1. Can you name the residue in region 289-312 that is farther than 25 Å from GLY168 by Cα and among the basic types (Lys, Arg) and, of all such residues, is nearest to the chain's Cα centre (by Cα)?
2. Of the conditions (1) in contact with a Ser or Thr (Cβ under 6 Å, 6 or more places away or on another chain); (2) small (Gly, Ala, Ser); (3) without any contact (Cβ under 8 Å) to a residue 40 or more places away in the chain, ALA223 satisfies every one except a single condition; which number is it?
3. Please state which of the following conditions PHE239 fails to meet, knowing it meets all the rest: (1) over 24 Å from ARG205 (Cβ atoms); (2) without any contact (Cβ under 8 Å) to a residue 24 or more places away in the chain; (3) not polar (S, T, N, Q).
4. Quick check on LYS279: is it touching a strand residue (DSSP E or B) at 6+ places or on another chain (Cβ under 7 Å) and modelled with pLDDT under 95?
5. What single numbered condition from (1) more than 27 Å from GLU137 (Cβ to Cβ); (2) surrounded by fewer than 19 Cβ atoms within 10 Å (Cβ to Cβ); (3) not β-branched (Val, Ile, Thr) fails to hold for TYR262?
6. Check region 168-176 and report whether any residue there is of a type in the set (Asp, Glu), within 26 Å of LYS279 (Cβ to Cβ) and outside the structural domain of LEU129 (by TED's automatic domain parsing).
7. Somewhere in region 198-216, is a residue modelled with pLDDT of 95 or more, part of a strand (DSSP E or B) and within 27 Å of the chain's Cα centre (by Cα)?
8. Among the residues of region 225-246, write down those that are assigned to a strand (DSSP E or B) and within 31 Å of the chain's Cα centre (by Cα).
Amino acid sequence: MTSDNNPSRIPVSKHTANFSARSGTHHATQSHHGSSRSGGQRRRRGERKQRSGVHIGKEWVVAGLMGGLVMAAVLGLWVMGRMHSGDGRHEVEVADRAESSGPAKKWHGPVPSAIAERFVEAKSQEERLELVRNPAEVGPAMEAFFENGPGATEKIKGFHPLANGSSGDLVFEAYGVEMVNAPARLLSVSVDPQGAKVDFECYARFGSVSWDDLLSGKVTEAAEVRVILEPGGYYINEFSDEQKWLHFSATSPDLPKTLDFYLDRQNPSVREIQESGAKMFRATLSVRAVNGSEKRCQFEITAVKALEWVEPG
């Protein structure tokens, strides 16, 4: 049996095959020479047709390859355009990936959670000084806080992690410290490969003057207070101009009442506050009384030092 893939097989047109089947007697009476010549002609026609088919097939393949190359080029140009569009977003993403793939900085000392645990368990000023940010600056206030202030009587029940936060370029881990006999405190520990440190001023809700002195009028301004702000809408007395002032209700576990703070709408921090959309947030501020406004518990915010209880830097 002859295989269909045999290259020596000669194709025969259907028309010729059908004619031979119907005219068998006439075909048999033809001379051998005529048959050979006729067969040769048929073979030559078949060969031409086969060669023509192969030639056409090659042309289609070449055309297909060229078309594919053109499509690939067009697609490449489109992708490049997308990559370079969008105000440089692609370049930023590449830069971010390159930065994140770089070598990690070597961590020095205990991790933040260990520093937090050591701080709440510390029994002496010397132990705490090793754990806090800017020890030379906060040392005297921290000693007074734990020797004669609230820290002298507060009994710590335990602490638990809260959501991490940031202040400027400073990132910190936050912990809620529960007390047996006092309101809870916020313990913030900087996430710094050079060494995690506790922010004592955040923990103590430190203020440059006492609330009693500020509210009594003994002093008229404070360079630093830590409060929780909530946007309000109370405009009266020295702060009646709603077009000039932005009002906030200010509270603190250390305050006996709610105060009214006012920020000039031209202050650069106004935009940041409004864009955050926060209903309540911690803030470190400078404030002052205006024309005896402390009697009505009203104060002007003269500076926004941080929208947290942790100052950057």
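1. Ranking the qualifying residues of region 289-312, first place goes to ARG296.
2. So the condition that ALA223 fails would be (3).
3. So the condition that PHE239 fails would be (2).
4. So LYS279 passes the test.
5. Failing condition for TYR262: (2).
6. Looking for residues that are of a type in the set (Asp, Glu), within 26 Å of LYS279 (Cβ to Cβ) and outside the structural domain of LEU129 (by TED's automatic domain parsing), one finds none in region 168-176, hence no.
7. Looking for residues that are modelled with pLDDT of 95 or more, part of a strand (DSSP E or B) and within 27 Å of the chain's Cα centre (by Cα), one finds at least one in region 198-216, hence yes.
8. Hits for region 225-246 are VAL225, ARG226, VAL227, ILE228, LEU229, GLU230, PRO231, LEU246.
The values are calculated or read from the model by the stated rules, or taken from the named source; none is laboratory data. None of these values were measured; they are calculated from a predicted model. All Cβ positions, even for glycine, are placed from backbone atoms using ideal geometry, and neighbour counts span all protein chains on display.
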